[in-house]
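Please treat every number below as a calculation from the coordinates, not as lab data. Only a predicted model underlies this, so the values are computations on that prediction, with no experimental measurement involved. Don't worry about glycine lacking a Cβ; one is built from the backbone with ideal geometry, like all the others, and counts go over all protein chains shown.
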Amino acid sequence: MNEINVGLARVTGGVTAAKGFKASGVAAGLKRNGQLDLALIVSEVPASVAGVYTTNLVKAAPLELTRQRVSLGTARAVIVNAGNANACTGTRGIPDAQAMAAAAAKGLAIPEEQVLVASTGVIGVPLPVEKIVNAVSAAVAALSRENHTSAAQAIMTTDLVPKECAVQLEIQNSSVTIGGMAKGSGMIHPNMATMLGFITTDAAISSEVLQLALKQAVDDSFNMITVDGDTSTNDMVLVLANGQAGNPEIKPDTEEYRRFCSGLTRVCTELAKMIARDGEGATKLIEVQVKGAPTRRDARLAARAVVGSNLFKAAVFGRDANWGRILCALGYSGAHFDPSQADIFIGHVQVAKDGGAVVFDEAKATEMLSQDPVQVLVDLKAGSHTATAWGCDLTYEYVRINGSYRT
């Protein structure tokens, strides 16, 4: 649905913009630099919950615990640490994740099964859970609607900036707010999920319908970004909906559901673009739109292949209008199209027509590749379906960061 018709308004507040949510971020001592590394998000009342998780067969302990608890349908809190992934840590992984949840539950005086857990950081290193347990009281004491940015900072790893977004819309004469925060810089690839995303809303909606909405929103946002083609062991997107907006419960296949989905997709998309732009070592965001595809699947395959091409990403960094790398990526994408019909534009400069070269202004194309974002349009001229994917350029700095991640 068109956002203009829905009437979305951007608001401040991130993950605490919706009624009935508080958050905090404190330093537990997990990061070597002493920065914030423990976040807590809390709903004043039990909230419907939904989640989408990594497709990696190797899944971290906190993800497994959280997925089990999300299946119960409601939650009150999410505790998140950065600096250690609690992944591939053997038999102690689950008990450590449970200890995190238990400490938060005790501090909040809520049932332990109402606490979800997430971790991000180095894989294969035992989690110093005692540091987290000792810091929970400070996290609980710091809970407020104002501390949303501290929470967003506390989940960062190699991220350069915190990532927050919130929107407001009307549903049946009630003002509904959807807000969220995310982290992600490396290990981002469109297989959901390869990042952490936490979204809150005061909408009244069941966990089953919320799951449907989240799946739809993620498919069009987080599943359409890529940084380096890796899929993480830990990452997930969670949504909590506490009903404090007072709207009648949202039902599937209704106008209210479509309005809610538009708002949720907007928040997910903005957070996804922030992640792509903040890719490790990145200097600019890349946005690839494919139109004229025979099916939605073809459009998605084509857009994701182009934005994920390391050769094209390197060309963007070097401001080289090498359109052949775009056509090559389209060719191996799995999308159905006739290469002899494809048109390619970088910005507003057409660099290929009907699958072949055209004379274009190299200086103007270089100028387009110097923009942020760099926008690419591909017209397959084979149908009516479109898709957009986002990524970032590939730089020397990416190699430097990942060549010494553990040190």
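What residues have an amide H closer than 5 Å to that of residue 206, excluding those fewer than 5 places away on the same chain, when H is modeled at 1.01 Å from N in the peptide plane?
The list, which skips near neighbours in sequence, is 250.
Take each of the peptides 360-373, 284-297, 255-268, average the number of other beta-carbon atoms within 10 Å over its residues, and list them starting from the highest.
Numbers: 360-373: 14.9, 284-297: 20.5, 255-268: 22.2.
Listed from highest to lowest mean packing, they are 255-268, 284-297, 360-373.
With everything on Cα atoms, drop me the angle between helix 255-277 and the longest principal axis of the chain, reported from 0 to 90° to the nearest 10.
On a 0 to 90 degree scale, this one is about 80.
Per residue of the stretch 366-376, in order, report the coupling 6.51 cos²θ - 1.76 cosθ + 1.60 (Karplus, θ = phi - 60°) as ³J(HN,Hα) in whole Hz, putting x for Gly and Pro.
After applying 6.51 cos²θ - 1.76 cosθ + 1.60, I find 4, 4, 5, 6, 8, 6, 9, x, 8, 10, 10 Hz.
Relative to the first principal axis of the alpha-carbon coordinates of the chain, what is the inclination of helix 61-70, with its axis defined by its Cα atoms, in degrees from 0 to 90 and to the nearest 10?
It is inclined by approximately 80 degrees.
Within straight cross-link reach of residue 31, meaning Cα distance under 30 Å, which lysines are found once same-chain residues fewer than 8 apart are removed?
Correct list for residue 31: 22, 59, 106, 131, 163, 183, 273, 284.
From the helices alone, meaning DSSP H stretches of at least four residues, give me the mean residue ellipticity at 222 nm for the chain, per-run term -39500 (n - 2.57), in deg cm²/dmol to the nearest 500.
Working: 12 runs with 132 residues, N = 407.
My calculation for the chain gives -10000 deg cm²/dmol from helical runs alone.
Does the stretch 285-402 come out rounded, prolate or oblate, given a ≥ b ≥ c as the square roots of the eigenvalues of its C-alpha gyration tensor, rounded meaning a/c under 1.5 and, failing that, prolate meaning a/b above b/c?
Values: a/c = 1.97, a/b = 1.32, b/c = 1.49.
Oblate, since a/c reaches 1.5 and b/c is not below a/b.
Determine, for each peptide in 7-19, 155-167, the mean count of other beta carbons within 10 angstrom over its residues, then list the peptides with the highest first. The partial results should precede the final answer.
Numbers: 7-19: 20.2, 155-167: 22.3.
Sorting 7-19, 155-167 by mean packing, highest first, produces 155-167, 7-19.
Any idea which of 77, 48, 200 is furthest toward the positive side of the dipole for the stretch 3-276, if Lys and Arg beta-carbons carry +1 and Asp and Glu beta-carbons -1?
With unit charges placed on the Cβ atoms, the residue in question is 77.
Computed from the coordinates I sent, Cα extents along the principal axes in Å equals one of [x] 68, 53, 33; [y] 79, 51, 40; [z] 63, 50, 46. Tell me the label.
[x]
Compute the signed sum of charges (Lys and Arg +1, Asp and Glu -1) over the other residues within less than 14 Å, Cβ to Cβ, of residue 367. List each step's numbers first, then the result.
On the way: positive: 284, 319, 364; negative: 320, 361, 362, 372.
Neighbour charge sum, excluding residue 367 itself: -1.
Anyone know which of 197, 34, 331 comes out most mobile in the 10 Å Cα GNM of the chain?
Checking each option, the largest mean-square fluctuation is seen for 34.
Mean-square fluctuation check for the chain, GNM, Cα pairs under 10 Å: which of 72, 214, 196 is largest?
72
Can you give the angle from 0 to 90° between the axis of helix 93-108 and the longest principal axis of the chain, with both taken from C-alpha atoms, to the nearest 10?
Taking the Cα atoms of the chain, the angle to 93-108 is about 60 degrees.
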